[in-house]
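The values are calculated or read from the model by the stated rules, or taken from the named source; none is laboratory data. Computed from a predicted model, the values in this text were never measured in an experiment. Because the Cβ atoms are built from the backbone with ideal geometry, glycine has one as well, and the counts that use them run over all protein chains shown. All accessible areas refer to the heavy atoms of the entire protein, side chains included, with ligands and DNA or RNA removed. Shrake-Rupley method; radii C 1.70, N 1.55, O 1.52, S 1.80 Å.
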Amino acid sequence: MLSMQMQQQAQQFSMQQQMQMQMAAIERRTENPIRERVEEDDANMAKKKKTGGQKIPEGVGEGQLINDVTAGGASPSAVVASRRGGRKRGRVDNDGRGGGVDDRPRQSSSSSSSSSSLQQLLRRHRGIAARTPAPPAWENEEDDDDGRARVRRRPTAAFLSPHDPDPRPYESCLETCYSGFRVESPSSLPPSLRSTFDRSFRGMDRLGGSLFLRDVVRPGGKRCVRTTVSRCLVGEPGSTYRYLGLRLFSHPWVDVDDDGDPIAIGGGDGGGGGAAGRTLVRLGYPPDVVPALLSMGVANSSLIDRTARMLETHVAHRVVPKGCVGSAEFNLTLVNKMEPDAPGTKREGDYGMGNVSVGWHRDSGLRDYSSIAVYQTLVRGTTTMTTKTTNAKTRPETRTIPSSTKTVRGDGAPSSSSWGVALRAMDGGSGGPLPNVPPLLVPLPSGSVYYMLDDFNHNHEHAVISPSVRGGDGTTRYSSTHRVAREGRGTWKYIREKARGVRGAPAIVSSDTSPFSSRKMERETIVSRVRAEQNLMTEIEFEWLRQWFVQGRRHASLHPYWHGPIRVLCDAYRHLEGATSDVLDLLSQNNGDAEEEGRRSRIVTEDLFDVLIESLTERSALRASWNERYRDPIYADIPEDERPFPCPCLDREGRDGDGGGRQFEDLDSLVSRLRRWRSAFVSFEKSEDREGDGGGKIMMGAKKPNKAKSVGSLTKKESKQRASNWERLKANLKR
């Protein structure tokens, strides 16, 4: 009894100590609140592991920790500030003055760790995007005819707009069902921010070398389609964005080092060579384009801060747990140029909203709960230069001449015939449109910013509505869509490290390999390494090289940052080809038909055959899909320099490439040979087992029954699949 009392007292004392430490931490959070929250959350996770998964005592748990942080002065803006480590590149202040450039290097490792911790926190407390609940229901309550009571009335229009005769239903629905959508009018933005964006747009769309391109995408892996919108990607060096089967390669918005990583800009002692943008000019970017890219980086930093304040004001108080909001640390922006009379423009068919430049969609490839900020400017009275197209080799030139453009002032209210954004509520993170929530059409003035905060992109879709050519104002819309893209496997840094690992690894097959010194662990290690190399070959070929060369020579000429990385990936691919060739030679010498036992290697196993068969089969199917893509008739109707062009390490027509390795064009016949070798190998292995069991001698190279050969040609995965199919067939026959 006494022992139990002492244990209870000790436990209470321990909890009091923990609470005191918690309160002391809360007091410190006024200086750096969110960093404390992330660090303590990591500490709690470590404590869980250390205690064998036991529950952390109440009062110091993660949910309480978030509430305490909020009570202690934490805010989403502090989240963003602490994750950036205080580094703000040329931030535009609220008063319109441009902030100075911070020369301190980026703290990439700590930033990545903090972002990962935030994602774990959101997933634990708020779930994943696909399970986001639907927006709240909307009930349109209006005064009755006598003005004495409130009655519910269903709107008669297909959608709501602020230009309706009675805008109150629109305002009510916007606040209730679209609360994560916010707009900042031009008058609320600092003039320096608007001029920074406009200067960037003009530089990107310069006469004779515009960065904007119309993409050829492949929705659903079917027929290719050319977008009506021309766009380019700008962001952190080495970032990419994949959508509708196409990988977009970004232009860097900061200076870079020799490896392509970001470095401090503007410093006179190193990184940028004494002047901001000099490294980009050295890469091959035109001197008049570089300021446009750097300006976009400055504008991005300002939007990060503005979005964080939006989250703090409109979102942080209503999420559970309180203050647990998503990231607004934008790492790239998709810059769009939209024209009302662009070829392929269609009508919005669901609600009759007019012409649509970008159809209904949710932005993909983003971190869950991350916000999106979009700045738009409208340009009227552009002068264009057009060349008539007589054949597919001549490009129709339509370039905006910066000196003749006039940016539309956005001080007045937008008209019903101007550009706008359409919104509709969806039934959760994976459902369709909600029938009881009317869609909205939000006209936006030039120079405004709209935000889709936190989980808004999870349970809403949006579209861009363009004015009609006849009734519209004839303006071109430039927009910059700032996003928090999932980095992971889609960055140059990621694939670069994997490619470098290939070059530094020793050869699997060497001349001094002893055929009798192998062990089980050695065999498993070799199989694992060959599988990793084959997976990397597939990734480099189909996620990087083919994605680059399918977009044409003009695209390549506009992206000088990526010339070096593409060469590195080609070299890595050739090296992997050489390694694959060595493994194939080894398997051909150990297929069971060898007359001399001394030629056999003990590192060869069924699993090694299976890795090659499965990898080459997958690669053959992917190549067939890409060949079908190359044959799409859409490429006959676009300029020649925007069509796919040959890759030096993939399109060699069977010839040996420079730097070693060989191109295996007919992968199907190679897989057939591997299956024959595997069957012979399995038969020989079984004969050796029977001989060792006293079952009589079987000569090497003796023919085995056809059944054994057919079974031995299947991989273990295929054999298991066939067995499960047979079991299902027998079960169906018994019914």
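The set of residues in the stretch 214-236 that are over 21 Å from Ala342 (Cα atoms) and under 14 Å from the mean Cα position of the chain (by Cα) comprises Val234, Gly235, Glu236.
Return the total of residues in the stretch 179-206 being farther than 16 Å from Pro291 by Cβ and part of a loop (DSSP other than H, G, I, E, B). Total satisfying the criteria: 5. With respect to the conditions (1) modelled with pLDDT under 95; (2) open to solvent by less than 40 Å² (accessible area, probe 1.4 Å); (3) farther than 30 Å from Gly245 by Cβ; (4) not aliphatic (A, V, I, L, M), Gly127 falls short on a single one, namely (3). Checking the stated criteria, Arg226 turns out to be touching a residue at least 40 places away in the same chain (Cβ under 8 Å), open to solvent by 20 Å² or more (accessible area, probe 1.4 Å) and part of a strand (DSSP E or B).
Residues are listed down the side, and each one gets a yes or a no for (1) in a loop (DSSP other than H, G, I, E, B); (2) at negative phi; (3) modelled with pLDDT of 90 or more; (4) surrounded by fewer than 19 Cβ atoms within 10 Å (Cβ to Cβ):
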site	(1), (2), (3), (4)
Gly352	yes, no, yes, yes
Ser364	yes, yes, yes, yes
Tyr369	yes, no, yes, no
Tyr375	no, yes, yes, no
Leu378	no, yes, yes, no
Thr384	yes, yes, no, yes
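Based on this model, can you work out whether Val502 counts as open to solvent by less than 50 Å² (accessible area, probe 1.4 Å), at pLDDT 85 or above and at negative phi? Spelling it out, it is not the case that Val502 is open to solvent by less than 50 Å² (accessible area, probe 1.4 Å), at pLDDT 85 or above and at negative phi. The C-beta contact set for the stretch 361-374 (first residue farther than 17 Å from Val315 by Cβ, second residue assigned to a loop (DSSP other than H, G, I, E, B) and open to solvent by 10 Å² or more (accessible area, probe 1.4 Å), distance under 8 angstrom, 6+ apart or interchain) comprises Arg362/Asn457; Arg362/His458; Asp363/Asn457; Gly365/Arg486. Please enumerate the residues belonging to the stretch 317-339 that are buried (at least 21 other Cβ atoms within 10 Å of the Cβ) and part of a loop (DSSP other than H, G, I, E, B). Once the filter is applied, which keeps residues that are buried (at least 21 other Cβ atoms within 10 Å of the Cβ) and part of a loop (DSSP other than H, G, I, E, B), the stretch 317-339 yields Gly323, Cys324, Val325, Gly326, Ser327, Ala328, Glu329, Phe330, Asn331, Glu339. Of the residues making up the stretch 418-447, those that are more than 26 Å from the chain's Cα centre (by Cα) and of a type in the set (S, T, N, Q) are Ser418, Asn436, Ser446. Can you find even one residue in the stretch 245-253 that is part of a loop (DSSP other than H, G, I, E, B) and either touching a residue at least 40 places away in the same chain (Cβ under 8 Å) or among the hydroxyl-bearing types (Ser, Thr, Tyr) (or both)? Yes - at least one qualifying residue is present in the stretch 245-253.
For the stretch 526-555, name all the residues that are hydrophobic (A, V, I, L, M, F, W, C) and without any contact (Cβ under 8 Å) to a residue 40 or more places away in the chain.
Ala532
Only one of the numbered conditions (1) out of contact with any strand residue (DSSP E or B) (no Cβ under 8 Å at 6 or more places or on another chain); (2) open to solvent by 10 Å² or more (accessible area, probe 1.4 Å); (3) of a type in the set (A, V, I, L, M) is violated by Val358, and that is (1).
For the stretch 690-699, does any single residue satisfy the condition of being touching an Asp or Glu at 6+ places or on another chain (Cβ under 8 Å), at pLDDT below 80 and surrounded by 15 or more Cβ atoms within 10 Å (Cβ to Cβ)? I'd like the intermediate steps shown before the answer.
Our first condition is that a residue be touching an Asp or Glu at 6+ places or on another chain (Cβ under 8 Å); within the stretch 690-699, this holds for 697-698.
Cutting the leftovers down to at pLDDT below 80 gives us 697-698.
Among the residues that remain, those that are also surrounded by 15 or more Cβ atoms within 10 Å (Cβ to Cβ) are: 698.
Yes.
For Arg278, the criteria (1) surrounded by fewer than 23 Cβ atoms within 10 Å (Cβ to Cβ); (2) under 30 Å from Pro133 (Cα atoms) hold in every case but one, which is (2). Looking at Ser111, is it modelled with pLDDT under 65, open to solvent by less than 40 Å² (accessible area, probe 1.4 Å) and under 24 Å from the mean Cα position of the chain (by Cα)? The answer is yes for Ser111.
Any chance you could count how many residues in the stretch 275-317 are without any contact (Cβ under 8 Å) to a residue 12 or more places away in the chain and closer than 18 Å to Leu121 by Cβ? So that I can check it myself, show each step before the final result.
So in the stretch 275-317, the residues without any contact (Cβ under 8 Å) to a residue 12 or more places away in the chain come out as 275, 281-282, 287, 313, 317.
Okay, now just the ones that are also closer than 18 Å to Leu121 by Cβ, so 317.
Final tally of qualifying residues: 1.
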